Each structure stands twice: as structure tokens, then as C-alpha cells.
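Notes follow once the structure below has been shown.
The values are calculated or read from the model by the stated rules, or taken from the named source; none is laboratory data. The structure presented is a predicted model; accordingly, all values stated were derived computationally and were not measured. Cβ atoms come from the backbone with ideal geometry, glycine included; neighbour counts cover every protein chain shown. Surface accessibility is based on the protein's heavy atoms, side chains included, excluding ligands, DNA and RNA. Shrake-Rupley method; radii C 1.70, N 1.55, O 1.52, S 1.80 Å.
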Amino acid sequence: MYASPLLALPGAVAADAPDAGVAAHYGDLFREQRTLEHGDGFVDLSHRDVVTVTGEDRLTWLHLLLTQHVSELPPGRATEALILSAKGHVEHALYLVDDGATTWMHTEPGRAAALTGYLESMKFFYRVEIADRTADCAVVFLPAGSIAEPGPDAVVRETAWGREVFLPRTRLEEFAAAHGPAAGVLAFEALRVAGHRPRLGRETDHRTIPHELGWIGSAVHLDKGCYRGQETVARVQNLGKPPRRLVFLHLDGSEVKLPEHGDPVRLAADGPEGRVLGFVTTAARHHELGPIALALVKRNVPEDAELLAGPTVAAQETVVAP
């Protein structure tokens, strides 16, 4: 099992799955969140898997497989994409950048083998080479506003909320020393939940389609050529509505324990024995908002209804419209 060398930093407490291998926090969750929001520090995401694609056909070939329009992706421009099953269910979520010679992507821990296996099966006659670079490349996160310089051997994926940096694993400790203080993945996840950004394996299950999580536009391009699962995307976009929708929850702050991933969501008016309408995907403690969560619920749940997230009363905000 992977263990980051940065777990040796003062105050580090190891995270649980799916983020095992890096620090959950370094002693002060809320301070770490505030540090990131001020544009300082970094987050160790070195447990995430890294895959690269090289070769002159890489972008046109990826364009055929991914939900995103990448055939003309300029060097340095960040994008994200999905790989869907034949029935349109989400199988992989990829966070990409091309440096002009190589397309770099990171994905969830432990997903590289399945991803590279699928990509290898689709090579055919295209001039591409696929590599699992997890063993030698790590991902770290620099928040928006950071003036840190990652170094000449780093590849940077810049988003509205910060920079994801691919760098050699041998540089992790040097990077930490130069760009601290370190913040743990609990701080990173709290800001992700507050930003309503879905994550594969947390906000998804085996039935998830992109519309349910608001991935249309950010990860799914509606005006591109065919790809596996496109029929479902087009049918829902043009003829129907997704069966479920992502919601943001403000949790009752009097509860000591946060709901867990998978806890049932019900109407508060129906009580703890009421009909299950969805499930909690990720819960977190935010330094300003207090206890918060994302949840996936049935589309017809009233937008103004008070909910129960596990045993906890919750007010909802709409992320994906019904």
C-alpha cells in the first residue's frame, strides 16, 4: 500500500480510503482550509494515479474515446473528460492537460490499471503510446492565488480553483519544503464539496450518468463526434431528464458525527423510517459553512424540502436542476 513520504511531516495524520496513503490533516483542519483559500500552501495528492499518452495521433485518438472535445486541445489548457460504458454510465473521470508532446491525466487511486487496459484495447492502428506513470510521477495541488513556482520539470494543469502539478516523485519532499505549509485532503475535500464538484467513486455509483452530477459542459461536450455511451447522453439531453440529481446540503450543526458515504437520504417530514430518496456522497466540515455534504437524490424530490441525511437534518441547495 502506498504511503507518501510527506506523512513524515509534523502533525500528519493518515487519511482513510479512498485517500489512504496521504495525510488527512496536519493538526488543524480549519486552519488548513483557510490557508488554501488565501492562496497559500499545497495539498499532497500523490496517491492519485497518473497516466500519459504520447504519439502524434494522441489528441485525435483520445477525441474518439472521451466525452470531451480534445482533438484541438491547445498546450497548457486544462480540461476534464469521462469514459462511459456502452449504456452511458460513468466508468472513468479524467483530469487532463497536454504539454505539446504528451497528454497528462490523473484519476482516482487504483484506477490506472483499468484505464490503461481500456485504452490499450482501443489503440488499433493509431500512433499512440499509453503509460501508467503512477510509480514515478506525483500530483500536488496549489490553490488559486498561489505564486509558487513548481519548477521546470513539472507539468501544470491550471483550473479556476488552483493548479494541479505533475512532478517527479523524487521531488515531493523538496517541493513540500519549498511550498509549505502542507494541507491535508480533508481540507481539500471540504473546499471541493463547497464548490459542488463531483468526484468519481464518491458522487457516483454503477448507475451514474453525467447529467445527474452536472458534468455536462465541464466534462461532456455536446457537439462532437461519436464515443461510447453518447446515445444515452444525447437521449437524456434532448428527450428527457436524468433520474437523479446532485444536491448540496447544509447539515444540522448540533450533530457531532458527520453522515457517512452511502447513508440514506429521506424527507425530514417522513422521519427516519421514511422512504429512501437517495444517499449521502461526501460530507465535510467547512471552516465557514459548518457541516456540509453532497448527496444524490431522486429528481422529483422537492427543491425546498428539508431532508434527513442519515440521522442528520439538512437543508438543501440545488446543484443540478430537476
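Taking the conditions exactly as written (among the polar types (S, T, N, Q), at pLDDT 95 or above and assigned to a strand (DSSP E or B)), does residue 52 satisfy them or not? Taking the combined requirement at face value, the residue satisfies it. Checked against the criterion of being of a type in the set (A, V, I, L, M, F, W, C), surrounded by fewer than 17 Cβ atoms within 10 Å (Cβ to Cβ) and under 19 Å from the mean Cα position of the chain (by Cα), the candidates 17, 8 yield just one match: 17. Based on what the data block shows, is residue 249 in contact (Cβ under 8 Å) with a residue 40 or more places away in the chain, open to solvent by 50 Å² or more (accessible area, probe 1.4 Å) and under 30 Å from residue 25 (Cα atoms)? Taking the combined requirement at face value, the residue does not satisfy it. For the stretch 177-193, the set of residues classified as buried (at least 20 other Cβ atoms within 10 Å of the Cβ), among the small types (Gly, Ala, Ser) and in a helix (DSSP H, G or I) consists of 187, 190, listed by residue number.
Annotation: residue 124 fulfils all but one of (1) under 30 Å from residue 228 (Cβ atoms); (2) of a type outside the set (Ser, Thr, Tyr); (3) touching a Leu at 6+ places or on another chain (Cβ under 7 Å); (4) open to solvent by 20 Å² or more (accessible area, probe 1.4 Å); the unmet one is (3). Cβ separations smaller than 8 Å between residues 6+ apart or across chains give the following pairs from the stretch 254-268 residues that are closer than 17 Å to residue 186 by Cα to residues that are part of a loop (DSSP other than H, G, I, E, B): 259/310; 259/311; 260/310; 261/202. Sort out for me the strands (runs of 3 or more DSSP E) sitting completely within the stretch 269-317 that have 1 or more residues that are under 18 Å from residue 198 (Cα atoms) and open to solvent by 20 Å² or more (accessible area, probe 1.4 Å). The strands (runs of 3 or more DSSP E) meeting that bar are 278-286, 290-298. The residue that is farthest from the chain's Cα centre (by Cα), among those in the stretch 132-172 that are assigned to a strand (DSSP E or B) and more than 19 Å from residue 94 (Cα to Cα), is 168. Filtering 59, 73 for residues that are assigned to a helix (DSSP H, G or I) and touching an Asp or Glu at 6+ places or on another chain (Cβ under 7 Å) leaves a single hit, 59. Each residue in the stretch 226-256 was checked for being among the hydroxyl-bearing types (Ser, Thr, Tyr) and either part of a helix (DSSP H, G or I) or more than 26 Å from residue 280 (Cβ to Cβ) (or both), and 2 of them qualify.
Scanning the stretch 172-196 for residues that are without any contact (Cβ under 8 Å) to a residue 24 or more places away in the chain and not hydrophobic (A, V, I, L, M, F, W, C) yields a count of 1.
Condition (residue is touching a Leu at 6+ places or on another chain (Cβ under 7 Å), part of a loop (DSSP other than H, G, I, E, B) and open to solvent by 50 Å² or more (accessible area, probe 1.4 Å)) applied to the stretch 209-216: is it met by at least one residue? No. Those residues that are more than 21 Å from residue 288 (Cβ to Cβ), open to solvent by less than 20 Å² (accessible area, probe 1.4 Å) and touching a helix residue (DSSP H, G or I) at 6+ places or on another chain (Cβ under 9 Å), I need them from the stretch 159-174; list them, please. The answer is 165, 167, 172.
Just one of (1) in contact (Cβ under 8 Å) with a residue 12 or more places away in the chain; (2) outside any strand (DSSP E or B); (3) closer than 21 Å to residue 53 by Cα; (4) of a type outside the set (Lys, Arg) fails for residue 125. It is (1).
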